[in-house]
Amino acid sequence: MAYSMTGIGRASGEMKEPPIKFDVEIKSYNHRFLEISIKTPNSLIPFEDEIRRSVQKRVSRGHVVVIVQQDRDILPCKVEVDRPLLDAYLKLVEELKKKYKISGAVDINALLAIPGLVKFSQVPTDSKDLFRAFKPILDKSLNNFLTMKKKEGENIANEIRKSVDKIEDNIHNIEALIPERNEFYQKHLLDLVKGHTANLDKERFYQELLYTVDRTDVTEECKRLFSHLLLFRDASDNDSHPGRRLNFLLQEMQREANTLSVKANYFDISKAVVQIKEEIEKIREQVQNIE
């Protein structure tokens, strides 16, 4: 089953401890080889190789971009109060009130504004636990990504099948036209020598006729084209990643079509060959989108 080289998949999920929400987007573009770009928050940077390997296991070609976002830039923090500092501050306040006979209560906002009184520290989190919680979200996004690639691949494969069928029909047409073409050249040669039959070297005449038929015989090219179409259908239907194989077979089909074009030497056959080349070109454009 062919997969499109382009696609997009998204997934979101949240880990419970610490409570962080992740959003994952995977998208791909046409590329001759497999190229993976990853953009993650700092918390997942140590696991970029793991993310890359997850993609490599299921994608063989294309430029794949993995974007991971989390709903906060820092992990949840623990808040602590520097109690010795607070005690010293309150003691100083009491001394000042007593010495200078100042009344009034201490404002809580003034306390919180004391530099260094409130300290924030990051809650220690096991990075492996973090990645284990994140992995199912990555896998879901990857599955959605591949589902779209498969659907697009099926659409491309259907269009390719139509072109392959048209090529096959035109090859059958060419085979059917060969006897007509040979009869045409026989009659053409006879018309050329009409009036000169008395001096006609019949042996030489039939040698020229056979030479013309042999020089314009396209039987082998038709057989090879049929063989390429058979292999093309097999690769398209059964290979999981047939892109490179299909490209190679297209080159072989183009070569046979070019030889047919040279040998045709008959309008109806030339017309069928042109239609074959048009369908090959359509297939080539479609195959560029197949992984």
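The table for this structure:
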quantity: Violating pairs (Cα-Cα greater than 31 angstrom) within the set 57/151; 27/223; 27/128; 57/166; 39/151; calculated: 27/223; 57/166
quantity: Charge dipole of the chain about the Cα centre (unit charges at C-beta), most positive-ward option of 24, 106, 265; calculated: 106
quantity: Taking N as its residue count, the alpha carbon Rg of the chain over 2.2 N^0.38 Å; calculated: 2.01
quantity: 12 Å beta-carbon shell around residue 227, net charge (K/R +1, D/E -1); calculated: -3
quantity: Residue-averaged 222 nm ellipticity for the chain, from DSSP H runs of 4+ at -39500 (n - 2.57), nearest 500; calculated: -21000 deg cm²/dmol
quantity: Estimated translational D of the stretch 77-122 in µm²/s (Stokes, Kirkwood radius over Cα pairs; 20 °C; 1.002 mPa s); calculated: 182 µm²/s
quantity: Charge dipole (the stretch 83-195, unit charges on Cβ, about Cα centre) - positive-most of 186, 84, 148; calculated: 84
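The numbers here are math on the coordinates, done by the rules we state, and not lab data. Quick caveat: nothing in here was measured; it's all calculated off a predicted structure. Cβ atoms come from the backbone with ideal geometry, glycine included; neighbour counts cover every protein chain shown.
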